Amino acid sequence: MTRLHWVRHGPTHATVMLGWTDRPADLSDREAVARLDAALPRKALLVSSDLSRAARTADLLGEGRVRLPHDPRLREIHFGAWEDRSFAAIEAGTPERIRAFWRDAGPARAPGGETWHELQHRVTQAVQELCTRHPGEEIVIVAHFGPILTGLQRALGLSIQEAFAHRIDPLSITSMTLGPSGWSIGPVNRLA
């Protein structure tokens, strides 16, 4: 069985659409990072998105773990023209488009961005590759809200809206196990 431990990167305190915008995480709460580190398997492989908020979080979890190269397929969804803009500003400029983006998230996209289906496809490819290359291993994946939700969606057979109902806090752990009969989940959004 291959066990994945998804970790959401440290908080950014952003109040804007933050997808591929490379804003650093606030990792000043060393006690929270230490608790997270202690809650993860020490001999696990470690991989992260290439965005600095995930990569830096992974750096702090690296001691004793084998670090795999950053994988850009684990990035957050790309919000295109909405990147680094407030929800209010986007709502004021393109109210129907932003509503459609959340209401019909699968095929809808921000101008110049990607769809939920595209996010899910690239993250699924990355996860399948990890599971194929490292069968039976424990793998810590430091990523973002969207990629973690795509993992839950796929493993549990959820609709997009059902996946959106899950809370995924910064520095939380969401674990999934791939066994002979498919995926099992638990716990979700565990804070160490």
Tally of residues being closer than 21 Å to Asp59 by Cα and out of contact with any helix residue (DSSP H, G or I) (no Cβ under 8 Å at 6 or more places or on another chain) across region 141-158:
2
Might you let me know whether region 24-38 holds any residue that is at negative phi, under 16 Å from the mean Cα position of the chain (by Cα) and open to solvent by 60 Å² or more (accessible area, probe 1.4 Å)?
yes
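With the requirement that a residue be of a type in the set (Lys, Arg) and either buried (at least 16 other Cβ atoms within 10 Å of the Cβ) or under 12 Å from the mean Cα position of the chain (by Cα) (or both), what does region 43-67 give you?
Applying the first criterion (of a type in the set (Lys, Arg)) to region 43-67 yields 43, 53, 56, 65, 67.
The answer is Arg53, Arg56, Arg65.
The values are calculated or read from the model by the stated rules, or taken from the named source; none is laboratory data. Computed from a predicted structure; not experimentally measured. Virtual Cβ from ideal backbone geometry, glycine too; neighbours counted across all protein chains shown. Accessible surface areas use protein heavy atoms only, side chains included; no ligands, DNA or RNA. Shrake-Rupley method; radii C 1.70, N 1.55, O 1.52, S 1.80 Å.
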